[in-house]
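One structure is given here, and the rest of the page talks about it.
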Amino acid sequence: MKTGVNRDIGLWIATVKEFETLIEHDPQTVFTTVSEAEQKRYSGIVNRAAGLHFLLGRYLLRYVLSAKSGVSILPADWEIFPDEQGRPRVLNQSVAPIKFSISHASGVVAIALSSTVDPGIDLEPLARELGSGLNFRHLLSPEQYDQVMTIPSTAHCELLTRVWCIKESVSKVCGLGLRLPFSTIEFDLVSLLNSQPATWLECKVREMGSFWFNLCTLAQRYWLCVAMESPALSPLGRLETNHFNLLSRKAF
């Protein structure tokens, strides 16, 4: 029986609103769970909302790692450090390699976790407007630019937000994030517009190879995209999102 590789990609989400309640009632649990380096980085973030998104991402990651790794490691004991490209990695020697990606947007943090593939994840508000000040040619490949020019301008904003979400998730798989020129990420926009929601589609990154992505909506408020390197078999099925209750520290 063929098994879709996406079944080994777990998705976890939590809200900043719930996290603020936890910090208010039990700050010791939060700050003894994250590392000193993570606390220092949080303290250095001037924007309060950005700081909370970062801290929640690391706190949630540590609990999900303990819940899903299959080993007895407390959330505070995970060793998470940046690699040579600046991407955070799990360095604990006692566990099999675990790969993850974190994204946040407007009060929600999402984590993609896998032991077999290197995932990339991005969240974007459905209402985000990318038109103002955005150079389309920096975002789109030449072929995509030509396709966009055939689409009514009233549909550009939504389409470009979807394209951005896809390309940022792919750029995270590449390990480069926003350093990767988005115009080098190529996929057919007509196929994207005609596909069913949460369908796995293929794209190519110039000089880097093939990737797959899965774009869906979350809570009718966000675009959520998960990407990975092209596997030997096409991905199968839908991704399932787990909501993490920060107060009970359980997923549901």
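Each value in this text was obtained by applying a stated rule to the coordinates, not by laboratory testing. Since we're looking at a predicted model, the values are computed, not measured. All Cβ positions, glycine included, derive from the backbone under ideal geometry; neighbour counts span all protein chains shown.
Spin-label pair K40-V95: with each label point 7 Å from Cα along the Cα-Cβ axis, the two points sit 2.3 nm from one another. Peptides 70-76, 32-38 ranked from most to least packed, by the mean per-residue count of other Cβ atoms within 10 Å: 32-38, 70-76. Rounded to the nearest 0.05, the FRET efficiency derived from the C-beta distance between A76 and L126 at R0 = 41 Å is 0.70. When you count the other C-beta atoms within 10 angstrom of each residue and take the mean per peptide, 180-191, 201-212 line up highest first as 180-191, 201-212.
Which entries of K167/K204; K172/K204; K68/K99; K40/K68 have Cα-Cα distances beyond 18 Å here? Too far apart for the 18 Å limit: K40/K68.
Descending by average beta-carbon neighbour count within 10 Å, the peptides 170-178, 15-23 line up as 170-178, 15-23, the highest first. Relative to a virtual label point 7 Å from the Cα of I151 in the Cα→beta-carbon direction, which members of segment 195-215 show backbone nitrogen distances below 18 Å? Inside the label zone: 195-204, 213-215. With a Förster radius of 41 Å applied to the C-beta separation of N245 and R137, the computed FRET efficiency comes to 0.40.
Please say if segment 123-230 is rounded, prolate or oblate, where rounded means a/c under 1.5 for a ≥ b ≥ c the square roots of the C-alpha gyration tensor eigenvalues, and otherwise the choice is prolate for a/b larger than b/c and oblate otherwise? Can you show the working numbers first?
Numbers: a/c = 1.36, a/b = 1.12, b/c = 1.21.
Note, shape of segment 123-230 comes out rounded.
Compute the distribution of all C-alpha to C-alpha distances in segment 49-184, in bins of 10 Å from 0, and list the percent of pairs in each, rounded to whole numbers. Whole-percent P(r) values from 0 Å outward: 11, 36, 30, 16, 7, 1.
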